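Below is one structure; the comments refer to it alone.
Rule-based calculations on the coordinates, nothing more; no lab input. The shown structure was predicted, so the numbers you read here are calculated from the model rather than taken from an experiment. Virtual Cβ from ideal backbone geometry, glycine too; neighbours counted across all protein chains shown.
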Amino acid sequence: MNAAEYHGRLNPCAFVRTYGCQQNVADSEKIKGILLNMGYNLTNDESTADLILFNTCAVREHAEDRVFGNVGALKSRKKKNPKLIVAVCGCMPEEKHVVERLKKTFPFVDLVFGTRSFSHLESLLKRLYLEKRRVFEYGVEEKVVAEGLPIHRDGDLKAYLSIMYGCDNFCSYCIVPYTRGRERSRKYADVIKEAHSIVEGGYKEITLLGQNVNSYGKGLHEGISFPKLLNDIANINGDFWVRFMTSHPKDATRELIDFMAKNDKICNHIHLPFQSGSNRILSRMNRKYTREDYVEIVRYARCKIPNVSITSDIIVGFPGETYEDFCETLSLVKEIGFTALFTFIYSRRTGTKAASFPDPVPYSEKNKWFQQLLEVQKEKTSEYCESVQGEIMRVLVEKSADANGHLTARNEGNVVVDVEGDKDLIGKFVNVRIVGYKNWVLKGEVIN
Ligand code: SAH
Ligand code: SF4
Ligand code: F3S
């Protein structure tokens with residue numbers, strides 16, 4: 001039985017909603033590719049869909065609560081339309097307690113599969129069509145990355161390219177090594193082939209993805225390091241930018257910075273999450289670098305690439321963190337001067353090491369620290385915006401911002417630049433002079 005026969009419609013519609021990080025966005029692009037191949041049309045309208053799929057994130061409790069809320073809201077729709085397929089996939093189904101809850105409390109969820117099962121989506125759906133009972137698949141071990149899956153990319157300007165999956169770092173707060181399994185890299189030739197097809201497809205920006213791109217190639221025995229892969233991709237003929245995320249500071253090497261400095265097509269941007277400025281907390285987080293190591297690699301990057309944009313992730317209120325520890329985070333934020341920060345209040349994840357650490361500081365107190373951090377970062381972002389006034393920079397124009405001729409662009413540092421100009425500029429690189437800023441968005445005037 002195929003999709004059309006099961007749903008009783010020639011072109012049944014599928015709605016895919018993605019939560020979480022870019023890795024999930026990239027996985028959803030493959031899921032969409034598979035669904036299109038099976039005869040589904042993609043829709044943005046959940047209310048008319050024959051198949052609703054949530055690709056979920058487990059990184060913080062809040063993310064999970066949102067998914068449970070949105071899935072719960074489908075109960076009555078499923079009652080009205082028993083042929084509707086409700087699927088939950090991604091990181092949440094890789095957690096035991098989530099699977100149990102889905103099994104018991106959400107009987108109208110038909111299909112549940114984990115992060116290492118999306119390549120089996122077609123056969124899982126076919127099982128569902130035939131057997132007409134709930135299908136679950138999670139905890140599958142994937143030793144070699146599945147290749148050759150169809151991809152339906154969301155945009156036509158910027159493309160994600162997953163170079164590796166999983167994580168072996170086991171930072172003590174983090175659920176990702178449990179939900180995504182052991183680290184595995186795609187073969188060099190497969191990555192390069194996909195990069196070529198992206199460039200041939202006219203994309204202007206490629207973002208290489210992995211939980212820790214710096215450990216690319218471990219276990220492959222091909223002898224290709226991440227900086228080499230990055231450089232080889234940037235050297236493909238064509239006018240495009242390459243970015244990457246995420247870089248774990250413990251593995252960010254001088255070699256990486258040197259390649260970035262030498263190759264104009266590699267964006268001068270490094271997302272380098274430091275999580276905490278306190279060595280005591282870094283050690284309890286199992287991050288395997290010190291504040292001093294971090295400052296040193298940033299110093300090297302700034303020396304080789306003076307306009308490098310550094311962004312970071314921070315966790316506030318890790319179990320056992322004191323106000324003094326937090327102040328060390330604040331002082332590092334002041335010292336480094338990040339162009340952007342992604343800040344989170346610690347969220348306890350069942351099964352992680354830190355889940356068993358005493359956590360005496362109340363949430364309300366952590367929230368006060370968090371607000372303090374946001375205030376400091378606001379000042380730093382204003383300082384950055386001031387510092388680039390009058391500069392000429394290359395930006396990639398992405399889309400219309402409004403009907404009055406404002407366009408949204410980004411510079412190499414991934415900072416948003418508002419540009420006035422014709423819609424014809426969308427999809428193009430242009431040089432702009434920075435002539436102001438508002439709410440941390442730079443204002444640029446086209447000069448070519
Ligand atoms: N692999 C990336 C991070 C992926 S998760 C890296 O190592 O840098 C993205 C961010 O979510 C992390 O950098 C961290 O700041 C945050 N995060 C992860 N687990 C968290 C938790 N339990 N509570 C709060 N924030 C968390
Ligand atoms: Fe999580 Fe650490 Fe792995 Fe990043 S490196 S995904 S924070 S365990
Ligand atoms: Fe979330 Fe999974 Fe990414 S937990 S952050 S979607 S790897």
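Worth pointing out:
- Long pairs among Lys265/Lys378; Lys368/Lys438; Lys158/Lys438; Lys158/Lys304; Lys218/Lys304; Lys79/Lys132, criterion Cα-Cα beyond 22 Å: Lys265/Lys378; Lys368/Lys438; Lys158/Lys438; Lys158/Lys304; Lys218/Lys304
- Using C-alpha pairs below 8 Å separated by at least 6 residues, the relative contact order for segment 391-440 is 42 percent.
- DSSP bridge orientation in the chain - percent antiparallel, rounded to nearest 5: 35 percent
- Relative to one another, the C-alpha centroids of segment 171-216 and segment 331-371 are positioned 27 Å apart.
- Panel values: segment 204-330, Kirkwood radius from alpha carbon pairs, Stokes-Einstein at 20 °C and 1.002 mPa s, translational diffusion coefficient 137 µm²/s.
- The stretch between Glu383 and Asp65 holds 110.9 nm of extra length on full extension. This uses 0.36 nm per residue minus the Cα-Cα distance.
- Once the chain from Arg134 to Arg77 is taken as fully extended at 0.36 nm per residue, the excess over their C-alpha distance is 18.8 nm.
- Of the peptides 200-211, 3-14, 352-363, the ranking by mean beta-carbon count within 10 Å, highest at the top, reads 200-211, 3-14, 352-363.
- Shape category assigned to segment 1-153 from the gyration tensor of Cα positions, a/c cut at 1.5: rounded
- For the chain, with +1 on Lys and Arg beta carbons and -1 on Asp and Glu, the positive-most of Ala189, Ala73, Ser162 along the dipole: Ala73
- Multiplying the residue separation of Ala146 and Ser283 by 0.36 nm and subtracting their alpha-carbon distance yields 45.8 nm.
- Student exercise, the chain dipole from Lys, Arg, Asp, Glu Cβ charges, in Debye to nearest 20: 1400 debye
- A Förster radius of 35 Å combined with the Cβ-Cβ distance from Glu292 to Asp45 puts the calculated FRET efficiency at roughly 0.10.
- Bins of 10 Å from zero: percent of alpha-carbon pairs in segment 343-448: 13, 33, 19, 17, 14, 3
- Segment 101-198: C-alpha gyration tensor shape, a/c 1.5 cut-off, then a/b vs b/c: oblate
- Peptides 227-234, 270-277 ordered by average Cβ neighbours within 10 Å, highest first: 270-277, 227-234
- Taking all Cα-Cα distances within segment 9-55, those exceeding 15 Å account for 39%.
- Across segment 433-448, the residues whose backbone nitrogen lies under 11 Å from the label position 7 Å along the beta-carbon direction of His406 are 438-439, 441-443.
- Pairs of C-alpha atoms in the chain farther apart than 35 Å represent 35 percent of all such pairs.
- Over segment 136-271, relative contact order from alpha-carbon pairs under 8 Å, at least 6 apart, %: 22 percent
- Cysteines without a disulfide-compatible partner [the chain; Cβ-Cβ under 4.7 Å]: Cys13, Cys21, Cys57, Cys89, Cys91, Cys167, Cys267, Cys303, Cys327, Cys385
- Net charge of the neighbourhood of Pro150, taken over other residues with C-beta under 9 Å away and scored Lys/Arg +1, Asp/Glu -1, is +2.
- For segment 130-260: rounded, prolate or oblate by the Cα gyration tensor [a/c cutoff 1.5]: oblate
- In segment 54-154, Cα pairs under 8 Å separated by at least six residues give a relative contact order of 24 percent.
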